[in-house]
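**Q** Below are the structure tokens for one structure; questions will follow.
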Amino acid sequence: MDAVIYIRWSSAEQGKGSSLERQREQCRALAARKGWNVVAELVDDGVSAFKGRHAIVGELGKFVADVEAGVYPDGVVLLTEKLDRLSREKAKKVFSWVVDITDLGVVVATVDGDRRYAKDNLDMASIIEVVVKAELANEESEKKSSRLAAAWASKRRRLADGETQVLTRRAPAWLAVEGTPARFVPIPERVAVVRRIFEETSAGLGKHSIARGLNLDGVPTFGRASGWHPSYIQKILTGPAVLGEFQPGQKARGEPRQSVGDPIQDYYPRIIDEDLYARTLKSISGRPRRVGGRGRRLVNLFGGLAVCGGCGSKMTFRGKGKKVRADGSIVNEDYLICDRYQRGLGCQNGRHFNYSVWEDGILDAILYDAMEDRHFSSPEIIRPLEIQLAERIRKRKTDRERAETALALYVETNRPEVKARWMAITQEIDELDASIVELERHIKDARGTATPAQHRRRIQKLRGTLNDEDERIRFEARSLVMEAAHGLVERMSFSSEHLIVVIATKTGVEMHVGWEDWGGDRQGITIAKFMP
């Protein structure tokens, strides 16, 4: 008779030991003694049977589906080490499963006790045996789950009380766990990669471009993946662990992880400062766009701002590069074009806006207002103050959320200790508000001010480096201009009818940048500003 061996363990740690080989050897030995022909070996690696997940997404679920589909018309033996390998659910559910599977012609056999459960031998003794074994296995899993939950709850309480400890040896990929007692140690080369990801995102690069750049530069991945993926870039960018923060949680088997309690500050070593983190989140959430660019050139400074004046969809960057005309002149044929028109979705705005020409005209219109003293300030002086400011702003946001939770709890329970907690948090918020105002004043003083003439000169100097041959200089300049442009402009509407770009700023000022033809070879851009 044919037999299928089923092997399972619920923990990846068990899989590293002898569990696989032990179950395999014992099952094959019994099959040899019985004269069964082993036709398949099914392994559920690290899949729990406590909640029945293995019977849904695991190999056991696939086996049952094969049986129901008639893959084993002559019957088959399902051979396993012990009955609890098949399930650790409630006894009633286990017994029902055994009855259903044996009704389909399957013989369930276990090495433990050399037992066979088939449709024709499920007598009272067998029924009692299955029920008792299932109940014992389920009780053992329940106790183990409760002990683990209690242990983790105790660890979380100690962390919340300020006790320093490493809860688990699992850590973010840029940290190692070393020593006794255990401590987190940054891995320098990986920390450098994480910082590069944040800096490039803050500068305007998208996760696809960053992943491509890391792969082209041959940067090793943090795991077994064959290369960097945008999804992992996103995970690094949105996780609070880079700030040293740990959010305690709990996870039932087969269920999503749920947060428990307040985040724990300074659990991990901090590798990204608050200011860079805040600027990166602003870049992700405040400027949703896919930045057109070649490598680190940041070709399209207006990605996410430029929309079609006809249909409102985004303007797509089409980079064709420089071309030599028949008369020997060189023209840049990078264009912005309506995405819906390009994809044939009904928009009639087919105008190709020459990017280099319009970049110059748009920057003429916005750059004086967009660039501020802070863009030219000495980072050695300003940076520490900006970091402190970002830290306090983030702390204030967290405390306000805590205060709202405490207030809601007080309204519900009317308990004095909850009221005292709410009052303490609100006092902390008031102190943070005062320190934020003071820091903002210090930053303003440190930045200083430039005369209008000085401001224009430094902007002209910056614009002269936007297309510099040195990649580093070009990238830094275009990053700075992109940040300033997105800080000022809310939307750029490209209209083909009169070749005009209407720029709506966040300050309420509207600018019209238009293409003019004065006859002959006299063509250029004109600018008009309209106050609200």
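**Q** For labels at VAL64 and HIS352 in the simple 7 Å Cα→Cβ model, what's the distance in nm?
**A** Each label point lies 7 Å from its Cα, and together they span 6.1 nm.
**Q** How would ILE387, ILE330, ILE210 line up by accessible area, probe 1.4 Å, largest first?
**A** Working: ILE387 35, ILE330 120, ILE210 0 Å².
Greatest to least solvent exposure: ILE330, ILE387, ILE210.
**Q** Which cross-chain or sequence-distant (5 or more) residues have an amide H under 5 Å from the amide H of ILE264, H modelled 1.01 Å from N in plane?
**A** PHE246, GLN247
**Q** What is the extension gain from ASP100 to GLN342, computed as 0.36 nm multiplied by their sequence separation minus the C-alpha to C-alpha distance, in nm to one decimal?
**A** Details: separation 242, 0.36 × 242 = 87.12 nm, distance 5.78 nm.
Difference between extended and current length: 81.3 nm.
**Q** Ignoring everything but the protein chains, give the 1.4 Å probe accessible area of LYS419 in square angstrom, nearest 10.
**A** Counting only protein heavy atoms, LYS419 exposes about 90 Å² to solvent.
**Q** Which ³J(HN,Hα) values, rounded to whole Hz and listed in residue order, are derived for region 356-367 from phi using the Karplus coefficients 6.51, -1.76 and 1.60 in 6.51 cos²θ - 1.76 cosθ + 1.60 with θ = phi - 60°, glycine and proline given as x?
**A** 4, 5, 6, 4, 4, x, 5, 5, 4, 7, 10, 5
**Q** I've got another one for you. Tell me the label-point distance for the pair ARG196, THR405, using the 7 Å Cα-to-Cβ offset, in nm and rounded to one decimal.
**A** 3.7 nm
**Q** OK, next. Label LEU499 and GLU440 with points 7 Å out from Cα along Cα→Cβ: what is the distance between them in nm?
**A** 4.4 nm
**Q** I've got another one for you. Where does region 301-365 land on Rg(C-alpha)/(2.2 N^0.38 Å)? Walk me through the intermediate numbers first.
**A** On the way: Rg = 13.0 Å, N = 65, 2.2 N^0.38 = 10.7 Å.
Against the compact-globule rule of thumb, the ratio is 1.21.
**Q** Another question, then. ARG415 to GLU469: extension gain in nm, 0.36 nm per residue of separation minus the Cα-Cα distance?
**A** Numbers: separation 54, 0.36 × 54 = 19.44 nm, distance 6.73 nm.
Here the answer is 12.7 nm.
**Q** Name the residues whose placed amide hydrogens come within less than 5 Å of the amide hydrogen of VAL307, ignoring near sequence neighbours (fewer than 5 apart) on the same chain.
**A** Correct list: MET315, MET492, SER493, PHE494.
**Q** Hey, another quick one. For the pair THR398 and ARG318, what calculated FRET efficiency results from E = 1/(1 + (r/R0)^6), where r is the Cβ-Cβ distance and R0 = 41 Å, to the nearest 0.05? It would help to have the intermediate numbers written out before the result.
**A** Working: r = 44 Å, r/R0 = 1.07.
Working from the Cβ atoms, E equals 0.40.
**Q** Shifting gears a bit: Could you order PHE246, PHE302, PHE95 so the one with the most accessible surface comes first? Probe is 1.4 Å. Walk me through the numbers on the way to the answer.
**A** Numbers: PHE246 30, PHE302 0, PHE95 55 Å².
Highest to lowest solvent-accessible surface, that is PHE95, PHE246, PHE302.
**Q** Still on this structure: Amide H neighbours of VAL38 under 5 Å, counting only residues 5+ apart in sequence or on other chains, H built in-plane at 1.01 Å?
**A** Under 5 Å from the amide H of VAL38: ALA3.
**Q** How much accessible surface does HIS498 have with a 1.4 Å probe, in Å² rounded to 10?
**A** 130 Å²
**Q** Further question on the same structure: Given a 1.4 angstrom probe, what's the average accessible area per residue across region 191-234, in square angstrom?
**A** Values: 2220 Å² over 44 residues.
Dividing the accessible area of region 191-234 by its residue count gives 51 Å².
**Q** While we're on this one: Please give the solvent-accessible surface of THR426 in Å², to the nearest 10, using a probe radius of 1.4 Å with every protein chain present.
**A** 40 Å²
The values are calculated or read from the model by the stated rules, or taken from the named source; none is laboratory data. Keep in mind that what you see is a predicted model, and the values were worked out from it rather than measured. No Cβ is skipped: glycine too gets one built from the backbone with ideal geometry, and neighbour counts run over all protein chains shown. Areas reflect the complete protein model, heavy atoms only, side chains present, ligands, DNA and RNA absent. Shrake-Rupley method; radii C 1.70, N 1.55, O 1.52, S 1.80 Å.
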